[in-house]
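Asker: The structure's right below; bear with me while I get my questions together.
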Amino acid sequence: MALPIFSSQSPFTKSQNFPSFFHKNPNFSFISPNFKSFQPRNGKLGDLKKRVVENYSLRLDSALSLEKEVGSSGNGGIDNNNNNREKIYDAIVIGSGIGGLVAGTQLAVKGAKVLVLEKYIIPGGSSGFYERDGYTFDVGSSVMFGFSDKGNLNLITQALAAVGCEMEVIPDPSTVHFHLPNNLSVRVHREYIDFITELISKFPHEKDGINKFYSECWKIFNALNSLELKSLEEPLYLFGQFFQKPVECLTLAYYLPQNAGDIARKFIKDPELLSFIDAECFIVSTVNALQTPMINASMVLCDRHFGGINYPVGGVGGIAKSLAKGLHDQGSNIMYKANVTNIILQDGKAVGVKLSDGREFFAKTIISNATRWDTFGKLLKKQDLPEEEENFQRVYVKAPSFLSIHLGVKADVLPPDTDCHHFILENDWDELEKPYGSIFLSIPTVLDSSLAPEGRHILHIFTTSSIEDWQGLPQKEYEAKKELVADGIISRLEKKLFPGLKSSIVFKEIGTPKTHRRYLARDSGTYGPMPRRVPKGLLGMPFNTTAIDGLYCVGDSCFPGQGVIAVAFSGVMCAHRVAADIGLEKKSPILDSALLRTLGWLRTLA
Ligand SMILES: NC(=O)c1ccc[n+]([C@@H]2O[C@H](COP(=O)([O-])OP(=O)(O)OC[C@H]3O[C@@H](n4cnc5c(N)ncnc54)[C@H](O)[C@@H]3O)[C@@H](O)[C@H]2O)c1
Ligand SMILES: CC(C)=CCC/C(C)=C/C=C/C(C)=C/C=C/C(C)=C/C=C/C=C(C)/C=C/C=C(C)/C=C/C=C(\C)CCC=C(C)C
């Protein structure tokens, strides 16, 4: 049995030390007039302290109200006597990951009555949090795209704003610091020009190629950023966008089937620089650049400079908590400890769900935030696998899971001005995609010291790992293996970045792929879909509708794939398509079936 990395009790009942924001020295100075952001370098400490106190109280308030919502009635006012057949919701959302929460909240603000059913005790899934010994740990990593105050692609900010929420964020001065073979060290600065200058200084002979590749990314990003983002499966919207922004839409259509690695090779010849582009893609797609869709690569390679990476004060878990509260404020419900075991079909249409405790709930539409493998392999009978899903499983396999290590360390082990995020691949480029080959490291306390007790930092370390490596072991061996593998990873970090790391550890918790499977209800603990071979860009990625009438999917096994901002977009698209289908948005049945058929056909070409 896996060691739980999440609290088995409600995390909201725990008392916490008062956050001490001032002991560390965050190295940033981003000021935004309209967006709440911290400016510790120039700001007044008194004001800052006040805002931290306010934010902390807000966190407690929302935690308490969530506790009340989960605790007292335990079910958000839902009938426990299984008389729910009459209580027809507009939509039931299975799972409260960011994908499910965005779909749910977007529908709720359009006037739909939504019920979100979450298996775990808090919302957020892989964007959740857990608390231990005064530390607040992010379950997933802490790199937040789409959380700025500008453009059309700040989807996290927009999702929160839609339900009247705003979170304070801390601008990250760099997205990631790469530590690569041959001592290649590249810091991805927030300012594009600083990043490009640093990269060119490492590869001066490729100045032209570097400029051309990243400019191509900007072309795509600017096209994306100019559109109003809604469902690409809704023809009135899609044709409207083509009419208003033909050049941008054609640009996106052109790049839709292309991958970043091919485009990089048009401009760049140096194999080491191409490997660097692989690493750039790998950290967001877990595959190399040749397998990473160009649209997704452009999105992340540019948003980090356009809106920048911004960390929510109090931790990533606050995003899901705010969305859950927003959903509730809109008159919809979220229910925890609600493990959906079956999707109920009637005459081939999805009409409800059944929980492990036998209760049933019914709705006009069912939206699954479980992975497509779980949705079609577990919640529906496997033998009913529609052709469309067979096609998906032909093109995509489950990406490996992660081994994750959450550490509390003595603060003085980190050199001054340590970056928040690091990616480490010491010796051999060939190890990039291999299990345990490369190491991801986030130190969110560099930005928000309130996440750890005074004088401590959080190190969240993760590396790819497959479930097969951890299955079938007796408990004792499993525990011993966890310690052994984690020790190897920590030793590598000690050697490469932080001498004395081991002796500075005061808290350690290790999660394996089994832990991820257990607590996130994700088949094999997978991080999401990964192309089986070289994909045709994003062409093969399914959208939100499924072959089952009334059933929709949302989350990272839908277009455009892995990532918090990506699943937020899938939530926006899903809500739009569902709203059109239940009469809350305009729709054209004739155009609908023509477009859906065309998109289905296009996917078979992938
Ligand atoms: N920026 C980052 O670094 C970062 C951090 C964390 C997560 N992520 C991304 O988030 C993505 C995942 O988001 P998501 O929204 O697709 O899903 P998710 O896995 O985060 O959430 C799914 C939720 O559904 C619940 N669930 C699943 N099956 C259920 C069932 N049968 N009954 C009830 N509840 C059920 C799970 O408990 C979970 O809370 C990942 O791809 C990852 O890339 C990124
Ligand atoms: C329909 C047709 C056919 C056509 C038409 C044309 C058009 C119009 C098109 C359009 C399109 C669109 C709109 C699209 C969109 C897209 C998008 C939005 C995308 C997005 C994406 C995103 C992504 C992918 C993201 C991701 C991220 C991630 C994954 C992250 C992660 C992170 C991590 C892991 C971190 C690392 C760490 C360290 C280093 C420590």
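Asker: Would you mind working out the accessible area per residue for the stretch 185-308, using a 1.4 Å probe, and quoting it in Å²?
Answerer: For the stretch 185-308, the solvent-accessible area averages 38 Å² per residue.
Asker: Would you mind computing Rg(Cα) / (2.2 N^0.38 Å) for the stretch 114-163, counting N as its residues?
Answerer: Dividing the Cα radius of gyration by 2.2 N^0.38 Å gives 1.41.
Asker: Using amide H atoms built 1.01 Å from N in the peptide plane, name the residues 5+ places from Val176, or on other chains, whose amide H lies under 5 Å from its own.
Answerer: Val188
Asker: Restricting things to Cα coordinates, could you compute the convex hull volume per residue of the stretch 400-525 in Å³?
Answerer: Per-residue hull volume (Cα only) is 116 Å³.
Asker: Quick one: 3J(HN,Hα) in Hz for the stretch 443-451, Karplus 6.51/-1.76/1.60 with θ = phi - 60°, rounded, Gly and Pro as x.
Answerer: Ordered by residue, 3J(HN,Hα) equals 10, x, 5, 4, 9, 10, 6, 5, 7 Hz.
Asker: Would you calculate a helix-derived [θ] at 222 nm for the chain, using -39,500 (n - 2.57) for each DSSP H run of n ≥ 4 and dividing by the full residue count, to the nearest 500?
Answerer: After summing the helix terms and dividing by the residues of the chain, the value is -11500 deg cm²/dmol.
Asker: Would you mind telling me the antiparallel percentage of the DSSP bridges in the chain, rounded to 5?
Answerer: The answer is about 70 percent antiparallel.
Asker: Just tell me which lysines come within less than 30 Å, Cα to Cα, of Lys202; anything on the same chain fewer than 8 places away is out.
Answerer: Lys212, Lys219, Lys266, Lys269, Lys434, Lys495, Lys496
Asker: Using 0.36 nm times the number of residues separating Asp194 and Asp428, minus their current alpha carbon distance, what extension gain do you get?
Answerer: My answer for the length gained is 81.6 nm.
Asker: With a 1.4 Å probe and all protein chains left in place, how much of the accessible area of the chain comes from carbon and sulfur atoms, in whole percent?
Answerer: In the chain, the share of accessible area belonging to carbon and sulfur is 53 percent.
Asker: With Rg and the Kirkwood Rh both taken from Cα atoms, where does Rg over Rh land for the stretch 492-606?
Answerer: We get a ratio of 1.17 for the stretch 492-606.
Asker: Taking 0.36 nm per residue of separation and subtracting the Cα-Cα distance, what length does fully extending Asp417 through Ser588 add?
Answerer: 56.0 nm
Asker: Under 8 Å for C-alpha pairs, at least 6 residues apart: give me the relative contact order for the stretch 185-308, rounded to a whole percent.
Answerer: Relative CO of the stretch 185-308 lands at 30 percent.
Asker: Right, another one. Provide the FRET efficiency to the nearest 0.05 for the Lys219-Leu596 pair, computing r from the beta carbons and using R0 = 22 Å.
Answerer: Computed FRET efficiency for Lys219 and Leu596 comes out at 0.15.
Asker: Another question, if that's okay. Using protein chains only and a probe of 1.4 angstrom, how many square angstrom of Glu477 are accessible, to the nearest 10?
Answerer: 100 Å²
Asker: Scan around Val116 for amide H atoms under 5 Å from its own, H built in the peptide plane at 1.01 Å from N, and keep only partners 5 or more places away or cross-chain.
Answerer: For Val116, whose amide H was placed from the backbone, the distant partners under 5 Å are Val93, Asn333, Ile334, Met335.
Asker: Give me the percent relative contact order of the stretch 278-406, please, defined on Cα pairs under 8 angstrom at least 6 residues apart.
Answerer: For the stretch 278-406, the relative contact order is 11 percent.
Asker: Suppose we keep just the alpha-carbon trace of the chain; what are its Rg and Dmax in angstrom?
Answerer: Rg, Dmax (Cα atoms, Å): 23.1, 72.
Asker: Something else: First measure r as the distance between the Cβ atoms of Glu494 and Lys269, then evaluate 1/(1 + (r/R0)^6) with R0 = 41 Å and state the FRET efficiency to the nearest 0.05.
Answerer: 0.65
Asker: If you don't mind, another one. Round to the nearest 0.05 the FRET efficiency obtained for Gln475 and Asn182 when R0 = 45 Å and r is the Cβ-Cβ distance.
Answerer: 0.60
Asker: Tell me the Rg and the Dmax, in Å, that the Cα atoms of the stretch 270-408 produce.
Answerer: That works out to 20.1, 60 Å for Rg and Dmax.
Asker: Hey, which of these cross-link pairs are over 18 Å Cα-Cα: Lys482/Lys502; Lys110/Lys321; Lys321/Lys398; Lys410/Lys514?
Answerer: Correct reply: Lys110/Lys321; Lys321/Lys398; Lys410/Lys514.
The values are calculated or read from the model by the stated rules, or taken from the named source; none is laboratory data. Model, not experiment: these values are computed from the prediction. Neighbour counts run over all protein chains shown; Cβ positions are idealised from the backbone, glycine included. Ligands, DNA and RNA are stripped out before the accessible areas are found, and what is left, the full protein with its side chains, is counted by its heavy atoms. Shrake-Rupley method; radii C 1.70, N 1.55, O 1.52, S 1.80 Å.
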